[in-house]
Amino acid sequence: MHWSWWTTPSPPRSTRTHCGAESLVTQPITTTHHGLDPADRACRGIADSMVRVSVGLEDAEDLIADLAQALNV
């Protein structure tokens, strides 16, 4: 899969940790659900294309602008 919107100038940071106060974008199949086989993920409704956005303490308008830029909306 190619996530070109993660390479724009100011998208939320992609990481495997969830210990900070910053916003994160993660992909469950490579983080929290990486140990499940595809059939188990499908039974749980976890698609390979799914991303999780964890919103941190950034200013809401800044976060909205960053997401809009990253998604080319």
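Some notes on this structure:
- Residue list for the range 10-48, filter: among the basic types (Lys, Arg), over 16 Å from Leu67 (Cα atoms) and modelled with pLDDT under 85: Arg16
- Residue satisfying all of: in the range 16-68; loosely packed, with under 14 Cβ neighbours inside 10 Å, assigned to a loop (DSSP other than H, G, I, E, B) and hydrophobic (A, V, I, L, M, F, W, C); nearest to the chain's Cα centre (by Cα) among these: Met50
The values are calculated or read from the model by the stated rules, or taken from the named source; none is laboratory data. Given the structure is predicted, the values throughout are model-derived calculations rather than measurements. With ideal geometry, Cβ positions are generated from the backbone for all residues, glycine too; neighbour counts draw on all protein chains shown.
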